[in-house]
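The values are calculated or read from the model by the stated rules, or taken from the named source; none is laboratory data. Bear in mind that the values here come from a model prediction, so they are computed numbers and not experimental data. Cβ placement follows ideal geometry from the backbone for every residue including glycine, while neighbour counts extend to all protein chains displayed.
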């Protein structure tokens, strides 16, 4: 009986650590989003951003787990909803979930054979695709087809930047990591 209680308390402690660490990753996503918002826009095209807060989602996916990455993506979208409005929150949710789904599928198919760069670029491109689908649902009368090449190109560039920044911050994040995947 005592041994069983010990396993239960160890599992509870591990779950508590996982929740706390996921909260820290979400806080990082908010900070990165605020930093990005304070920077001048690199490309003067509406909707084109670096996507720095996606570093936090990718870190959660690679080093904590899919459920935690999903939680960070949804919480990140809720933050966007509260700070930027319904449309931005909706687009963030669609883009974030499609991005995460694609990265999960690629990880499942290719396991450790796929690089962070390829996952980041794929996630970024599909984040833009998800947002394009969302904006197409909202603004049905506007011809948006000409915007697809811009979104795909910006997704490639943003994915490359995000992967580079993730590589740069991984040592610091790994120092504070309190759980194992």
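Points worth noting:
- Search result, residues across the stretch 115-126 that are part of a helix (DSSP H, G or I) and more than 14 Å from residue 105 (Cβ to Cβ): 116, 117, 120, 121, 124
- Number of residues in the stretch 58-70 that are surrounded by fewer than 20 Cβ atoms within 10 Å (Cβ to Cβ) and part of a helix (DSSP H, G or I) equals 5.
- Here residue 140 fulfils each of the conditions (1) crowded, with 19+ Cβ neighbours inside 10 Å; (2) at negative phi; (3) not in a helix (DSSP H, G or I) apart from (1).
- Residue 110 meets the conditions (1) within 24 Å of residue 168 (Cβ to Cβ); (2) in contact with a helix residue (DSSP H, G or I) (Cβ under 6 Å, 6 or more places away or on another chain) in every case but one. The failed one is (2).
- The listed residue being in contact (Cβ under 8 Å) with a residue 40 or more places away in the chain and under 16 Å from the mean Cα position of the chain (by Cα), out of 117, 98, 81: 117
- Long-range neighbours under 6 Å by Cβ, at least six apart or interchain, first residue at positive phi and exposed (fewer than 13 other Cβ atoms within 10 Å of the Cβ) within the stretch 157-181, second assigned to a loop (DSSP other than H, G, I, E, B) and at pLDDT 85 or above: none
- Residue identified as outside any helix (DSSP H, G or I), touching a helix residue (DSSP H, G or I) at 6+ places or on another chain (Cβ under 6 Å) and at pLDDT 80 or above among 51, 89, 95: 51
- Total residues in the stretch 128-153, condition at pLDDT below 85 and closer than 14 Å to residue 54 by Cβ: 0
- Against the test of being farther than 28 Å from residue 135 by Cβ and in contact (Cβ under 8 Å) with a residue 40 or more places away in the chain, the options 20, 27 yield a single qualifying residue, 20.
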